[in-house]
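The values are calculated or read from the model by the stated rules, or taken from the named source; none is laboratory data. Computed from a predicted model, the values in this text were never measured in an experiment. Every residue, glycine among them, receives a Cβ derived from its backbone with ideal geometry; neighbour counts consider all protein chains shown.
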Amino acid sequence: MRSDLHPIIPLGGDVAAGHISGQIGSLQTISISKLFVDGVYQRAVSVGSVKNIKRICAKFDWAKFLPVIVAKDGETYCIVDGQHRTTAAATIGIQAVPCYVLSCSPSEAAAAFAAINGNVTPVQPLDLWFAELAAKEPSAVALQRVLDAAGAKVTRKKEGFAPGETRSINVLRRALDFYGSTILTTILQCIVETGNGNPGMIFGAMINGVGRAIRTKPDLLSHPSKLFEVFDGLALSAILYDAKIETARTGNPVQFIITRAINAEIAEHKEARRAA
């Protein structure tokens, strides 16, 4: 058995067992034409919903299609959970979908809707990232290539970061879209491969502070070794400390202050090279 497989373990300690109510439902395949939406408790299809439905249509995969939860009251089947994916299935011509059928009254169905949608544990960005990487999603793979090239890695650790470790996955995703892979690789190298490795410095304000300073320097971007010389002489933690103090005093964004400090160091470094 793989080392990363874990069994379900019941909670220990004093956990009160409440009354178990209701009946176990049954799995059935039901024609979409027989499924209805109860407007008393179900949400109407919004603009955001339409976008989500279109995404499902574009990449429909039965492996990602959870059974639709429906409540049967007499001969009527009302969707409790799964309106969007059922709409997507109907849109692309699918006639029937797998359903988990509950036998309950409309009021019990409404309570089930509230419980299902109110007790959802949000998927954290880090967990989603690792799942997408394991699934070889192209955007995740592209970002991993950048991280590998720069000697950086995404970690689940919340403290005690080693050089190159970060939890800022959403920042990195946006940075890849904004800067592109080549410049983002250089940004991360400026942080990870200089000084003492700058542990804990791969986060939003630092990535963008460095990025906005170097992206307008084609002469340095084409010769990264010269850029790394500058960063070898920088104490990013000290720049960050000073930036936070200035931000508290003036309200100027930390990212802006970091960019300004790095630009000043680059200019000073160029002047020193000319003088030599």
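Checked against the criterion of being surrounded by 11 or more Cβ atoms within 10 Å (Cβ to Cβ), hydroxyl-bearing (Ser, Thr, Tyr) and outside any loop (DSSP other than H, G, I, E, B), the candidates SER49, SER33 yield just one match: SER49. Taking the numbered list (1) exposed (fewer than 15 other Cβ atoms within 10 Å of the Cβ); (2) under 27 Å from ALA267 (Cα atoms) in turn, ARG212 passes all entries but (1). Residue count for region 33-72, restricted to those that are of a type in the set (A, V, I, L, M), touching a residue at least 24 places away in the same chain (Cβ under 8 Å) and closer than 23 Å to ALA114 by Cα: 9. Once region 36-46 is narrowed to residues that are part of a loop (DSSP other than H, G, I, E, B) and either touching a Lys or Arg at 6+ places or on another chain (Cβ under 8 Å) or surrounded by 12 or more Cβ atoms within 10 Å (Cβ to Cβ) (or both), the residue that is modelled with the highest pLDDT is VAL37. Note on region 166-182: residues that are crowded, with 18+ Cβ neighbours inside 10 Å and either under 19 Å from PHE228 (Cα atoms) or outside the structural domain of LEU236 (by TED's automatic domain parsing) (or both) total 1.
Of the residues examined, HIS6 is one that is modelled with pLDDT of 75 or more and either not hydroxyl-bearing (Ser, Thr, Tyr) or not in a loop (DSSP other than H, G, I, E, B) (or both). Scanning region 199-229 for residues that are among the aliphatic types (A, V, I, L, M) and under 23 Å from SER168 (Cβ atoms) yields MET201, ILE202, ALA205, MET206, ILE207, VAL210, ALA213, ILE214, LEU221, LEU227. Note on region 146-161: residues that are within 23 Å of SER225 (Cα to Cα) and exposed (fewer than 12 other Cβ atoms within 10 Å of the Cβ) amount to 1. Restricting attention to region 174-206, the residues being touching a residue at least 12 places away in the same chain (Cβ under 8 Å) and in a loop (DSSP other than H, G, I, E, B) number 11.
So which residues in region 4-30 are at positive phi and surrounded by 11 or more Cβ atoms within 10 Å (Cβ to Cβ), if there are any at all?
GLY22
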